[in-house]
Amino acid sequence: MEQTQDNIEKYNLLNTIDSPKDLKKLDRLQLGQLSNEIRDKIIEIVSKNGGHLGGPLGAVELTLAVHYVFDAPKDRIVFDTGHQCYPHKLITGRRDSFQTLRQYQGVCGFCNIKESEYDVFGAGHASTAISAAFGIAKARDYQKEDSKVVAIVGDGALTAGLAFEGLNNLGASKTDMLIILNDNRMSISPNVGALSNYLNKIVLKSGYFRLRKTTKGLLQRIPGIGEEELDKVFKAQERLRNLYSEGIFFESLGFQYFGPIDGHNLDELIPALQNIKELKGPVILHIKTEKGKGYPFAEKDMEKFHGMPKFDPINGQKYVTTTNISWTDSFANALIRIAEDNEKIIAITAAMKSGTGLNKFEKHFPERTIDVGIAEQHAVTFAGGLAINGMRPVCAIYSTFLQRAYDQIIHDVCLQNLPVIFALDRAGLVGDDGPTHNGPFDIAYLRAIPNITIMVPKDENELQHMLYTATFINGPSSVRFPRGAGIGILLDPEFKKLEVGKGEVLREGNDLLILGIGPMLYDAMQAADELKINATIINARFAKPIDSQLILEHAKKIKNIITLEEGTINGGFGSAVLELLEDSGIRANVKRIGVPDEFIEHGKPDIQKKLIGIDREGIKKAMQEIIGK
């Protein structure tokens with residue numbers, strides 16, 4: 001895309017940065033100007049494409065300082081939760097393609113090893129950087145390579161068990177590695193927990209690095225003082241600092257701790273990184289930053305501007321694309337109504353109150369809303385504890401994030417047959433966030449577990465009835481629903497308790513049998529109308545247990561069968577139908593429509609669905625093919 005003259009002038013310095021090597025040609029004043037240009041570029045593109053905003057804006061100076069001091073890609077820089085990496089992408093060869101951010105076949109919104117040698121490790125889920133970087137550092141040592149390894153970790157990521165496991169192992173290993181703790185007191189929702197409280201008590205102070213620099217300057221003026229004497233003085237300084245350090249938690253784990261310092265002050269960041277670059281063993285540099293820095297609307301409302309759809313950069317307002325209520329709001333509204341009559345309902349989120357709609361629930365029931373931080377494993381077992389003592393916990397977690405707690409689902413909930421309700425938002429394809437955030441696997445990975453009931457609503461009305469039904473199931477259950485706006489269906493004023501494992505016939509026909517779950521059924525009905533196909537269409541409602549009686553009754557009469565699901569076809573609802581037919585000795589011509597055995601790249605949801613044939617046109621094509629056979 002050709003740049004206008006205004007853009008050339010607006011991004012005067014940014015246009016000269018083709019790789020991190022170009023940063024080293026700039027002085028501190030120019031680096032400050034570059035920071036402003038990067039922020040302007042991020043706001044410009046995210047306002048057009050949507051994407052993460054607060055995190056990248058808060059990490060601009062940090063990114064520049066790290067690349068200024070270290071020598072990527074030889075030195076390995078690992079980002080945790082890769083949405084903070086927009087500044088990194090802009091200075092590592094993707095400036096001219098950055099306008100394609102989160103667009104199909106464009107720049108990925110997260111770190112992606114296929115995209116650039118500077119993206120060292122794929123990062124979509126939080127808390128992976130310490131373990132990954134530690135592995136990279138150990139591989140370096142085994143191969144006797146000479147490089148530095150840096151992990152950039154947000155304070156929210158330290159609420160996850162994986163981060164603690166990495167800290168524990170790394171601290172005991174004495175491996176040379178730097179962790180930069182980017183502390184902005186936020187993940188998506190405000191950070192929670194004892195460690196967050198601890199970090200907030202550590203005040204901003206940078207005198208240690210100034211003292212070290214001043215001491216070095218004074219000593220170097222004394223004749224006869226060499227590097228050996230300087231090293232002795234610095235070690236004594238370090239012992240004295242440790243006596244009064246406020247980072248004692250990290251030091252007790254085996255880390256040399258420095259900070260906190262101002263993460264937006266390049267005159268502090270760069271010398272700090274230069275001073276600790278050659279230190280041996282595990283090191284933590286604690287910096288304080290402001291999420292949304294440089295954009296007043298994002299600074300004021302950090303939670304709202306964590307991730308944004310298209311918006312007006314002048315006033316910060318989202319562009320309204322639909323009047324239909326979202327699936328997330330439909331879930332939240334139903335849960336509020338249910339909780340008004342059921343005091344045992346407890347809502348649990350893993351640092352995603354706004355993303356899951358539980359911020360709305362919290363306004364009505366603050367004491368019954370629990371944010372455990374980025375700790376899905378803990379959330380599930382904690383819910384098990386609530387359930388075993390008589391409560392009805394609802395774990396509102398994105399499908400992709402519940403994957404992190406698979407053992408806890410099996411061992412701590414399903415094995416004990418506890419009535420935990422899993423509300424799985426963002427199930428299926430999520431569009432621009434791509435493969436790290438797509439949620440196609442939950443039906444398959446839950447269906448393999450005994451005792452669980454799996455429900456999939458075709459619309460918002462059925463969602464509220466399924467959520468209500470789940471509160472009566474004496475065992476674990478899940479309700480999955482997609483991202484974005486709902487169908488726009490009218491809601492029944494009263495809840496209905498559905499019969500578990502029973503589907504419904506939406507229409508009768510003789511040519512074709514369509515068995516589906518979820519909103520794809522609406523596409524199937526329209527496709528049948530357009531092709532004038534006389535089809536029986538069944539809303540199965542339950543992926544487990546499936547309605548064997550209803551399915552077999554129709555499968556005995558109609559041998560052309562299509563199954564529909566916005567989930568992986570490997571082990572999903574379609575597989576359940578095939579297993580039922582096989583076990584019952586029924587031969588049929590079955591075509592499964594779902595997500596194929598591959599990771600689906602980022603792009604608009606309609607593009608993703610078209611690519612894999614699960615949109616209306618794909619369903620029409622499948623209908624024509626199976627009837628043609």
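Can you name every residue in the stretch 343-359 that is touching a Ser or Thr at 6+ places or on another chain (Cβ under 6 Å) and either among the hydrophobic types (A, V, I, L, M, F, W, C) or assigned to a loop (DSSP other than H, G, I, E, B) (or both)?
Correct list: Ala347, Ala351, Gly357, Leu358.
Please verify whether the stretch 583-599 includes one or more residues that are at pLDDT 95 or above, in contact with a Phe, Trp or Tyr (Cβ under 8 Å, 6 or more places away or on another chain) and either under 30 Å from Phe110 (Cα atoms) or not in a helix (DSSP H, G or I) (or both).
Checked against the condition, which is being at pLDDT 95 or above, in contact with a Phe, Trp or Tyr (Cβ under 8 Å, 6 or more places away or on another chain) and either under 30 Å from Phe110 (Cα atoms) or not in a helix (DSSP H, G or I) (or both), the stretch 583-599 yields at least one hit.
Has the stretch 559-582 got at least one residue that is of a type in the set (D, E, K, R), in a loop (DSSP other than H, G, I, E, B) and not assigned by TED's automatic domain parsing to the domain that holds Phe441?
Yes.
Consider Phe79 carefully, then state whether it is of a type in the set (A, V, I, L, M, F, W, C), over 15 Å from Ser147 (Cα atoms) and assigned by TED's automatic domain parsing to the domain that holds Ala272.
yes
Can you tell me which of (1) touching a helix residue (DSSP H, G or I) at 6+ places or on another chain (Cβ under 7 Å); (2) in a helix (DSSP H, G or I) is the one Thr92 doesn't meet?
Checking Thr92 against (1) touching a helix residue (DSSP H, G or I) at 6+ places or on another chain (Cβ under 7 Å); (2) in a helix (DSSP H, G or I), the one that fails is (2).
Could you check the stretch 12-50 and list, in sequence order, the residues that are in contact (Cβ under 8 Å) with a residue 60 or more places away in the chain and not in a helix (DSSP H, G or I)?
Ile17, Asp18, Ser19, Gly50
For residues in the stretch 276-311 being at pLDDT 85 or above and small (Gly, Ala, Ser), which is surrounded by the fewest Cβ atoms within 10 Å (Cβ to Cβ)?
Here the answer is Gly281.
Of all residues in the stretch 468-518 being closer than 20 Å to Ala332 by Cβ and of a type in the set (Gly, Ala, Ser), which is nearest to the chain's Cα centre (by Cα)?
Gly484
Just to verify a result, which residue in the stretch 470-511, among those that are loosely packed, with under 14 Cβ neighbours inside 10 Å and of a type in the set (A, V, I, L, M, F, W, C), is farthest from Leu418 (Cα to Cα)?
Checked the stretch 470-511; the qualifying residue farthest from Leu418 (Cα to Cα) is Leu490.
Out of (1) over 23 Å from Thr81 (Cβ atoms); (2) among the charged types (D, E, K, R); (3) not in a helix (DSSP H, G or I), the odd one out for Asp412 is which?
(3)
Regarding the stretch 60-75, can at least one residue be identified that is within 29 Å of Asp176 (Cα to Cα), part of a helix (DSSP H, G or I), within 21 Å of the chain's Cα centre (by Cα) and not hydroxyl-bearing (Ser, Thr, Tyr)?
Scanning the stretch 60-75, I find at least one residue that is within 29 Å of Asp176 (Cα to Cα), part of a helix (DSSP H, G or I), within 21 Å of the chain's Cα centre (by Cα) and not hydroxyl-bearing (Ser, Thr, Tyr), so the answer is yes.
For Glu61, are the conditions met, namely being more than 18 Å from Lys293 (Cβ to Cβ) and acidic (Asp, Glu)?
Spelling it out, it is not the case that Glu61 is more than 18 Å from Lys293 (Cβ to Cβ) and acidic (Asp, Glu).
Every residue in the stretch 264-279 that is part of a loop (DSSP other than H, G, I, E, B), touching a residue at least 12 places away in the same chain (Cβ under 8 Å) and either among the charged types (D, E, K, R) or farther than 27 Å from Lys174 by Cβ (or both), please.
His264, Asn265, Lys277
So, in the stretch 102-132, how many residues would count as being touching a Cys at 6+ places or on another chain (Cβ under 9 Å), surrounded by 24 or more Cβ atoms within 10 Å (Cβ to Cβ) and not small (Gly, Ala, Ser)?
Residues meeting the conditions: 3.
Conditions (1) assigned to a helix (DSSP H, G or I); (2) farther than 18 Å from Phe110 by Cβ; (3) not acidic (Asp, Glu), marked per residue:
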position	(1), (2), (3)
Ser131	yes, no, yes
Glu145	no, yes, no
Ile152	no, no, yes
Leu158	yes, yes, yes
Ala172	yes, yes, yes
Thr175	no, yes, yes
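The values are calculated or read from the model by the stated rules, or taken from the named source; none is laboratory data. The structure presented is a predicted model; accordingly, all values stated were derived computationally and were not measured. In this analysis, Cβ positions are derived from the backbone assuming ideal geometry, glycine residues included, and neighbour counts consider all displayed protein chains.
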